[in-house]
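S.K.: Right, I'll just put the structure down here and ask away after.
The values are calculated or read from the model by the stated rules, or taken from the named source; none is laboratory data. Computed from a predicted model, the values in this text were never measured in an experiment.
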Amino acid sequence: MERLGQTNKRKGEGEINGFQAKKSRRSSSDVVEYLREKHEREIDQRKEELELRKLEQQASVELQKQHHDMMRLFMQQQQQQTQVLLSLLAQKK
């Protein structure tokens with residue numbers, strides 16, 4: 001529970017020479033400017049995120065392409081080896 005002295009002190013904190021100081025409020029232009037800046041920051045952040053996603057997707061596509069090419073080369077090597085072995089077996093007969 002608050003004592004009377006504390007209440008008077010709390011109430012008197014805003015007083016200057018016995019007069020209550022007027023509370024200042026922000027103007028609506030300050031709020032609008034803040035919201036505009038916040039919106040611009042959010043747009044910039046979204047652009048950066050989209051660019052990162054685009055780069056990640058390009059890297060993923062490139063990795064898949066490399067994997068596909070390696071598999072194709074591996075299959076070609078396997079076919080060549082099989083053909084060589086079949087030709088060697090055919091020569092021995």
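S.K.: Being basic (Lys, Arg) and part of a helix (DSSP H, G or I) is the filter here; which residues of region 48-93 pass it?
M.R.: Selection gives 53, 54, 65, 72, 92.
S.K.: Given the conditions (1) in a helix (DSSP H, G or I); (2) modelled with pLDDT under 95, report the number of the one that residue 26 does not fulfil.
M.R.: Among (1) in a helix (DSSP H, G or I); (2) modelled with pLDDT under 95, residue 26 violates only (1).
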